[in-house]
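Bear in mind that the values in this text are calculations on the coordinates, not laboratory data. Keep in mind that what you see is a predicted model, and the values were worked out from it rather than measured. When we count neighbours, we look across all protein chains shown, and the Cβ atoms used for this are built from the backbone with ideal geometry, even at glycine.
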């Protein structure tokens with residue numbers, strides 16, 4: 001794994017702590033995180049959103065696979081979480097494209113799509129479990145939130 005993917009893996013480990021300052025340390029001051037289902041988040045707002053997800057949704061993020069080239073990297077991710085209304089365990093999948101500057105994340109473009117037929121965003125016909133990707137039967141809340 002290269003330096004950029006090592007930094008992104010460290011970022012994903014920080015996400016799971018719920019510590020917004022630890023997450024924010026992975027980003028440049030002017031970083032932007034784009035989403036397919038939310039407006040963009042800027043700077044520390046990115047970290048605050050992640051901390052909210054841990055606190056209110058039992059959110060956990062998993063880096064499943066990644067590649068890098070120059071100042072860019074792309075990963076496949078899984079997010080496990082709990083629906084705050086029903087308490088039901090949930091899972092989403094997606095991909096993120098990163099641009100790094102001076103060893104920190106400057107931009108994230110997160111792609112996730114789910115609808116009623118496929119709310120998780122699974123790749124239909126793909127053996128997620130067989131490839132070692134996170135699945136609902138391996139779901140667990142963040143440390144200390146059991």
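Structure above, values below:
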quantity: Förster-model FRET efficiency, 30 Å R0, residue 10 and residue 37, C-beta, rounded to 0.05; calculated: 0.75
quantity: 0 to 90° range, to nearest 10: angle between helix 3-15 axis and the chain longest Cα axis; calculated: 50 degrees
quantity: Rounded to 5, percent antiparallel among DSSP beta bridges of the chain; calculated: 90 percent
quantity: Angle between the chain longest axis and helix 44-57 axis [Cα atoms, degrees, rounded to 10]; calculated: 20 degrees
quantity: Potential lengthening between residue 21 and residue 3 on full extension [0.36 nm per residue; Cα-Cα distance subtracted]; calculated: 4.3 nm
quantity: Per-residue [θ]222 nm for the chain (sum of -39500 (n - 2.57) over DSSP H runs n ≥ 4, rounded to 500); calculated: -6500 deg cm²/dmol
quantity: Relative contact order (percent, whole number), the stretch 6-146, Cα cutoff 8 Å, 6+ residue spacing; calculated: 23 percent
